[in-house]
Amino acid sequence: MTKYLLAATLLTATLLPAQEGPTRTQALIALDSKSPQTPTSQNIIIKVNDRATPLTSLAPIPPTGAQVALLIDDGLRTSVGRQLDDIRNFITTLPQGTEIFIGYMENGRVVPAQEFTTDYASAAKNLRIPMGTAGASASPYFCLSDFTKHWPGAPEREDSIQTPKARFVMMLTNGVDPYNGSVSPLNQNSTYVDAAVADAQRAGIAVYSIYYGDSGIRGEAASFSGQSYLSEVAEGTGGRTYYQGTGNPVSIGPFLKQFRGAIAETYVATFEAPGNKNMVRIKLSTNLPGTKVRAAQEIRPGTAITP
């Protein structure tokens, strides 16, 4: 009998899933405040899978530790050409050392116009007016998914959790997902948007966007749909979306200025998460008055950001 009990015990042990210990994990967090303050780890409260978790460190991102990818929808109406000077100004006034990439979203992928560089004058010269053909990007979310999974210069291994620098995306697009059918407010569940959020979360990328209408003719319903999807992506990844009502802004310069400020107020938070390959939910708050915290809603345990 003892022999059978021992055998049963050993079999049960082999069937139990391996339990791995906590894993050092890092995430980008951004602070929104009218009176910016320098936070410490004591000012940030984090919950991982709804369990309070100590924050072991909180570090600012130096300019040399950031990469910014500017993704422009090639289906935007050509009138967006009036915004190119604002975009050039944003590029040429980036903090020295921040890397900039420029790409155009077309046919479900991002076509590089400028690989990551710190030569801002050269990068600014590579801007061009979008083609202006409605739907040229196929779907901005196809493009975003593909880009985040093949971030220029990143390790080719799909399971890599090493992030060379803090990574930010700024999308200039109308945000409409043409593959989700109707733009009705009752039809705002897109598997492609969900996939884009998940891919950006796995890559540790904060996605920002500026809404700008394209040459389509679906009116305010399309504006609502596009802005709704862009907000979903921003909230899921710890970014923000900027828009001015349902029309196009006279100038996107103020939005780009806010984006530059958001990067400056982003930090790398270090904490421990369950040591497995499953994504974990994180929620953050702060005890700093008049301040809100933004971060991705989910993150991959073991993610390492090395700004």
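Read-outs throughout are calculated quantities, based only on the coordinates presented, and are distinct from any laboratory measurement. The model shown is predicted, which means the values in this text are computed figures rather than measured ones. Positions of Cβ are backbone-derived with ideal geometry, glycine not excepted, and every protein chain shown enters the neighbour counts.
Listing for the model above:
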{"quantity": "In order through the range 124-130: 3J(HN,Hα) via Karplus (6.51 cos²θ - 1.76 cosθ + 1.60), integer Hz, x for Gly, Pro", "calculated": "4, 5, 8, 6, 9, 6, x"}
{"quantity": "Ranking of Glu99, Glu265 by count of other Cβ atoms within 10 Å, fewest first", "calculated": "Glu265, Glu99"}
{"quantity": "Distance violations [Cα-Cα > 24 Å] among Lys34/Lys257; Lys257/Lys292; Lys257/Lys283; Lys34/Lys125; Lys165/Lys283", "calculated": "Lys257/Lys283; Lys34/Lys125"}
{"quantity": "Phi to ³J(HN,Hα) by Karplus 6.51 cos²θ - 1.76 cosθ + 1.60 over the range 244-249, Hz, x for Gly, Pro", "calculated": "10, x, 9, x, 8, x"}
{"quantity": "Long-range HN-HN contacts of Gln114 with modeled amide H, under 5 Å", "calculated": "Ile102"}
{"quantity": "Low-density loop positions, trypsin sites (Lys or Arg not before Pro), the range 230-307 - DSSP coil, at most 16 other Cβ in 10 Å", "calculated": "Lys277"}
{"quantity": "Sequence-distant lysines (8 or more away, or on other chains) whose Cα lies within less than 19 Å of Lys277", "calculated": "Lys47, Lys149"}
{"quantity": "Long-range amide H partners of Ile210 with built H, under 5 Å", "calculated": "Met171, Leu172, Thr173, Tyr242"}
